[in-house]
Amino acid sequence: MKSVATLFLSLAFLSMTGAWLASSSETEFADETHDRSALPVTTTQLQPISSVNRDRQFTGMVVAARSSQLAFERPARLLKVLCDEGQNVTSGQTLAAIDQRQLLAQITELEAGIQQQNAILDELNEGPRSEVIASTEADLAALTADVELQKATFNRTQGLFDRRATSAQALDEVRLAWKAAVAKQEAVARKHDELMAGTRKEKLAAQEAVVAGLAAKLEQLQIDVLDSELKAPFSGTIVKRFADEGDMLNPQQPVLELLETSKLEAKIGVPSEFISSLNREGYVVLKSGQIQVTGRIRDVIAQVDPTTRTQTVVIDIDNAAESGLADGSLIRLAFTETKSMDGFRVPLTALTAGSRGLWSAYILETATDDPSQTTIAARAVEVVHTDGETAVVRGAIYEGERIVMAGVHRVVPGQRVTDTPAATKKD
């Protein structure tokens, strides 16, 4: 699109000849204007406009909707890679695998430990066996009989001591033997009560916690086994391979890079003042070289880039897989901006340089006393917009008047002309 300044220079050059001719022969021409034959000119009728359309283009980049560098979560030796660069894969497809032998050995060991702890838990839930209870009751009966015997022995010894038939030491020995028997009886009695009451709930809870902890460790190992196979999280194309079989991998070390090439989107920076002109509901046109596609605006990022002073427009590209576009391709967004603007659209050839920065246009005037006499009148106008071939002007011109479309360097104000409307002009 030519700038208005360039337009003005071009029109000024075209008008210099007419201005020179007018200044050198204005008086002579005015005297002879009725004697010379009328000059034919091509005209068009002025029609007002309220807006103008401007074609706009902004450049951005094509990116895949999703991109992922795939890696394993634990250190291991890479066992196999089942795909290569450029290969299309589907969601859930196994792409690579690492060594699982250590995991399988740990699982076997842990399963045995869980069985052992479950057996202890079962025993606690069942409570003491009847044979153990019977044996404890027998021990309690024997100790009860011993207590009674020790008590009777103490009573007899006490009588002998009162008659001075035995010593105090003998009495003390018998008393201590009685107390020891009572202590043994009470200990066995408490054990019997515990057996009859069953296992304490605190002990059961502790054993259950042991079993649950081992089960959690087993579940984690089983997850690690599943993660030993690298699966595609979505359908796409393998664009890069970082490792080969036999490599020792660190956690989160990339093995493959996957792009979702079936879904492409364009990210294009658009100045904020043009955001409102975008078609947010329908389709937009995108071009990349000779490729032309359509898309739909998904979102406009509510942030202005501090360097480019643009907002990023995200566009979902239609039929991306068949379009021939690739991740990283440059792409252009083309749209038409409609701007409110009052005035008249005229061809650039209808304008000539005027005074004080204005321009002049030649309008047809008909004599009131002789309608057959048509002459030229110069009107001052202001150029408010140009698109390279036409201009939008406003000033001392009015709807319905006829303006000379071309050859303005050949006419001067007051010159008699004959009108040839542009609509009747033959190619």
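A few comments on the model shown:
- Normalised alpha carbon radius of gyration of region 33-153 [divisor 2.2 N^0.38 Å]: 3.55
- Straight-distance crosslink candidates among lysines, where the alpha carbon sits under 25 Å from K151 and sequence neighbours closer than 8 are dropped: K179, K184, K191
- Percentage relative contact order, the chain, counting C-alpha pairs under 8 Å, at least six apart: 31
- In terms of the mean number of neighbouring beta-carbon atoms within 10 Å, the peptides 165-177, 72-84 order highest first as 72-84, 165-177.
- Range of Cα positions in region 185-278 per principal axis (Å), largest first: 97, 49, 21
- Rounded Å value of the spacing that divides the Cα centres of region 152-168 and region 209-276: 92
- The mean sequence separation of alpha-carbon pairs under 8 Å and at least six residues apart, normalised by the residue count of region 191-288, gives a relative contact order of 20 percent.
- The chain: radius of gyration over Cα atoms, expressed as a fraction of 2.2 N^0.38 Å: 2.39
- Cross-linked pairs K263/K339; K80/K263; K80/K267; K217/K263; K231/K287: Cα-Cα separations exceed 31 Å for K263/K339; K80/K267; K217/K263; K231/K287.
- Once the Cα gyration tensor of region 82-240 is diagonalised, semi-axes √(5λ) in Å: 74, 14, 10
- Full-stretch length increase - E245, K217 - with 0.36 nm per residue and alpha-carbon distance subtracted: 7.2 nm
- Computed from backbone phi with θ = phi - 60° and the Karplus coefficients 6.51, -1.76 and 1.60, the 3J(HN,Hα) list for region 411-419 is 10, 9, x, x, 5, 7, 9, 10, 8 Hz; x is used for glycine and proline.
- Relative contact order (%) - criterion: Cα under 8 Å, at least six apart; region: region 342-427: 33
- The aspartates and glutamates within cross-link reach of K203, meaning a Cα-to-Cα straight distance under 14 Å and a gap of 8 or more places when in the same chain, are D122, E123, E126, E194.
No value in this document is a laboratory result; all are computed from the given coordinates. Source: prediction; values computed, not measured. Because the Cβ atoms are built from the backbone with ideal geometry, glycine has one as well, and the counts that use them run over all protein chains shown.
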